[in-house]
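The values are calculated or read from the model by the stated rules, or taken from the named source; none is laboratory data. From a predicted model like this one, the values you see are computed outputs, not experimental measurements. Reconstructed Cβ throughout: ideal geometry from the backbone, glycine too, with neighbour counts over all protein chains shown.
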Amino acid sequence: MRNKYTMILSIFAFLSIVVLCCLLCIYFILTAFASSSDVVVRLGGGPYVLVVAHPDDECMFFAPTALSLRGRNLHVLCVSSGDFDGLGDVRKIEIMKSCQCLGISRDHVTVMDDKQFPDDPNMLWDTNLLAEKIDIYLEKIRPKVIITFDRHGVSGHLNHISLFNAIQMLVKRNTGKSLIALQLLTVNRLRKYIGVLDICVSYLWRQQSDMVEVISSWQQYWTAVQAMKQHRSQFAWFRQLYVVFSRYMAVNTLHRIS
Ligand SMILES: [Zn+2]
């Protein structure tokens, strides 16, 4: 009986290793064919603006996108300073260092830090007011493409969701103009934490033909980890686990906000 149990366990372990190896092979094949220039072609010409709510969103959720747009005139607008724990000033410095890792120069990074939009997971920001402030910023950059969270905000953080609401409002006001706004797809919790293996799932389960899959190479993944490390005040043990297990460190699925 014991021998039979051991044999079943061995077969299960063997099959698990085979499946894992197959998935990693698929990952290497997919990353070999998905170059960043493909992404740029699909997104269209820049300038690009990435709008995030807190310092660390830019690498925790958007690193594959930011890295694929390296050297392509990418700007980052961070609405709050991430002052929920009173560390706003520290985190403003950290986002500059993180963006530097991601290839975004300091003069392309703006932290709005408007007290009307505090870092608070339980607060939806005023959509009209936020849209107005973002619009003033966009007037200066005049981007072709804006990228932000979708209506679920990846982690469900209400500040993230507020960004989607405000940018959707801007898109509706911009009807007929050439502004393209893209949202980062929120996936279920299982997919969120299977790391790079979600690249295979993303390819198999692509829901809409207009979705853009942005896949990081191993080198880009490693750069994203280095960017995360710049957020020292936030790099607790659970964030260290996050960089290993989160699919957002290796893959972003973007689609248009209409
Ligand atoms: Zn955030």
**Asked** Within the range 132-152, can you find the residues that are surrounded by fewer than 22 Cβ atoms within 10 Å (Cβ to Cβ), outside any loop (DSSP other than H, G, I, E, B) and of a type outside the set (Lys, Arg)?
**Response** GLU132, ASP135, ILE136, TYR137, LEU138, GLU139, ILE141
**Message:** Tell me yes or no: at least one residue of the range 129-150 is hydrophobic (A, V, I, L, M, F, W, C), out of contact with any helix residue (DSSP H, G or I) (no Cβ under 9 Å at 6 or more places or on another chain) and within 27 Å of LYS192 (Cβ to Cβ).
**Reply:** no
**Request:** Could you pull out the residue among LYS115, LYS144 that is away from the ligand (no atom under 16 Å from the Cβ) and free of Cβ contacts under 8 Å to residues at least 12 places away in the same chain?
**Result:** LYS115
**Only one of VAL76, VAL49, VAL90 that is closer than 25 Å to THR253 by Cα and more than 14 Å from the ligand (Cβ to nearest atom)** = VAL49
**Asked** Of LYS192, LYS177, which residue is surrounded by fewer than 19 Cβ atoms within 10 Å (Cβ to Cβ), within 16 Å of the ligand (Cβ to nearest atom), of a type outside the set (S, T, N, Q) and at pLDDT below 90?
**Response** LYS192
**Qualifying residue in the range 72-82 (condition: in contact with a Cys (Cβ under 7 Å, 6 or more places away or on another chain) and in a strand (DSSP E or B))** = yes
